Amino acid sequence: MAIVVGACTPFATTQAGKDYTANYNRAVAGEQATDALTLREAYRASRQCGEADYAVREHAGEQLSTVSGPLTMKAASQRCQALTQQLRQKPIQGCGTREFTVFSKIQGDGTWTPPAVLFFSKSEEKSYVPVACPEVPPPPPPPVSEPGFDKVVAALQEKCGPEAQIHIPGEWSLRTNERGVVVRRERTVDCFVKGTRSDWWLEP
């Protein structure tokens, strides 16, 4: 019995092709956006669309139906690469906050090390969250009873920008090892900024 081989499925109709087209469309939508969350979504989409090297090489000449009209994979990829750079330079309106962790370790004599900011890699840092600018409270003073918080504030000021407001609310929470012995303590620190640092929160 003869085996009939069907025609190859166009990439645009596959799930991968649909996902690629969706990323392209989200990236293009970012051109008109001014809020941080839409821009961040558009930026991530442009990265995924522009860096899909294997798919572009394999299907460079195939047509996609996009919000910009029919485009080849190669043309869509080039547009996404350009959008990645464009979106990084776009100013953000509004205000926002980002959360960091301050930690301190217990020493052999029972005293604590000076507090320090726990800087994660970009992929692990907690996300930027937009807030209404009038709702940003004035920063409380650092805890005066604990030395070393001036260095914490300075480190976050460098990370978040000179105009950022640094908030150190709450109390320490203790962390134990597998034997239940307290080995460190942590507390949350918030960084409030006005929306001018696109390079700060576009990266996940």
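The values are calculated or read from the model by the stated rules, or taken from the named source; none is laboratory data. Just so it is clear, the structure is predicted and the values come from calculations on it, not from any experiment. Neighbour counts are summed over all protein chains in view; Cβ atoms, including those assigned to glycine, are modelled from backbone coordinates with ideal geometry.
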Test result for PRO138, at pLDDT below 90 and surrounded by fewer than 14 Cβ atoms within 10 Å (Cβ to Cβ): yes
Can you tell me which residue within the stretch 27-47, out of those that are buried (at least 20 other Cβ atoms within 10 Å of the Cβ) and among the charged types (D, E, K, R), is modelled with the lowest pLDDT? ARG40
Evaluate the following for GLN32: is it among the polar types (S, T, N, Q) and under 20 Å from the mean Cα position of the chain (by Cα)? yes
For residues that are assigned to a helix (DSSP H, G or I) and within 13 Å of TYR20 (Cβ to Cβ), scanning just the stretch 58-96, find the one that is nearest to the chain's Cα centre (by Cα). CYS80
Please determine whether any residue of the stretch 34-44 is without any contact (Cβ under 8 Å) to a residue 24 or more places away in the chain, of a type outside the set (Lys, Arg), within 28 Å of THR97 (Cα to Cα) and not assigned by TED's automatic domain parsing to the domain that holds ALA132. yes
